[in-house]
1. Quick one: which helices (runs of 4 or more DSSP H) sit completely within the stretch 1-115 and have at least 1 residues that are more than 20 Å from residue 138 (Cβ to Cβ)?
2. When only residues in the stretch 17-51 that are farther than 23 Å from residue 89 by Cβ and in contact (Cβ under 8 Å) with a residue 24 or more places away in the chain count, which is surrounded by the fewest Cβ atoms within 10 Å (Cβ to Cβ)?
3. Would a scan of the stretch 99-115 turn up a residue that is in contact with a helix residue (DSSP H, G or I) (Cβ under 9 Å, 6 or more places away or on another chain), open to solvent by 90 Å² or more (accessible area, probe 1.4 Å), modelled with pLDDT of 95 or more and of a type in the set (Lys, Arg)?
4. Within the stretch 135-175, which residues are touching a residue at least 40 places away in the same chain (Cβ under 8 Å), surrounded by fewer than 18 Cβ atoms within 10 Å (Cβ to Cβ) and closer than 17 Å to residue 98 by Cα?
5. Taking the stretch 76-90, which residues are loosely packed, with under 13 Cβ neighbours inside 10 Å and among the β-branched types (Val, Ile, Thr)?
6. Identify all residues within the stretch 118-133 that are part of a loop (DSSP other than H, G, I, E, B) and either surrounded by fewer than 11 Cβ atoms within 10 Å (Cβ to Cβ) or modelled with pLDDT of 95 or more (or both); write none if there are none.
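The values are calculated or read from the model by the stated rules, or taken from the named source; none is laboratory data. Since the structure is predicted, the reported quantities are computational estimates derived from the model, not experimental observations. Quick reminder, even Gly has a Cβ in these numbers, built from the backbone with ideal geometry, and neighbours come from all protein chains shown. Just so you know, the surface numbers come from the protein's heavy atoms only, side chains and all, with ligands and any DNA or RNA stripped out. Shrake-Rupley method; radii C 1.70, N 1.55, O 1.52, S 1.80 Å.
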Amino acid sequence: MNKITKHIKNNFAIYLIIIACIVIVAITIYVNRHPKPTKVDTKYYDVVDINRALTLFNDDTPKLLIISTDDCSATAEYTKTLNYAMIQYDFKVYYLSLTNIDKSSPKYQEFIAKLDMDYYMKEGDIHPFNYFIGATPMNVIIKNKKMVYGYIGTMSLSALTTLTENYGVSHGQKN
């Protein structure tokens, strides 16, 4: 027993270094673990395919279309705000997923051609809204058979409700 005690006392620094290394490796593995991608919950939305998305441009009624991918974490988080606003102000949200769309199809090309409104970047660059297709979430308001507003990114509840009220999507009536 004295040999073991003497060995531990003599090599105590080595054992501390080994334990510290194990702790550092464990923390590194834990921190660098990639979380599972978040799936966008669309249960409250009218999920449309590219054909139905094109038909949204066929009437004058104002509509809010969200364009995203199914695994966009920003959109997944944004759905909480969208859900609250659409339930509170009684309007419908249309959702188009870009995840499985054939980007070479004529219908897709026709759809993105309708996203032609100028979009101003912070750096002063101006491009058509469709130039940024793939940046998600994309908020598109369709009214009078054309795109009248577009925004890339998430919005606060007050911005979203003001926007939907101003463009006639929600009619400003709170439930």
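1. On the way: elements: 2-10, 12-31, 50-55, 73-89, 106-114.
It comes to 2-10, 12-31, 73-89, 106-114.
2. First, the residues of the stretch 17-51 that are farther than 23 Å from residue 89 by Cβ: 17-39, 49-51.
In the following step, the residues that additionally are in contact (Cβ under 8 Å) with a residue 24 or more places away in the chain were identified as 37-39, 49-51.
Working: 37: 12, 38: 15, 39: 12, 49: 12, 50: 19, 51: 9.
Result: 51.
3. yes
4. Selection gives 153 alone.
5. 87 - this is the single residue of the stretch 76-90 that is loosely packed, with under 13 Cβ neighbours inside 10 Å and among the β-branched types (Val, Ile, Thr).
6. Pass one, the stretch 118-133, residues part of a loop (DSSP other than H, G, I, E, B): 121-125, 133.
Correct list: 122, 123, 124, 125.
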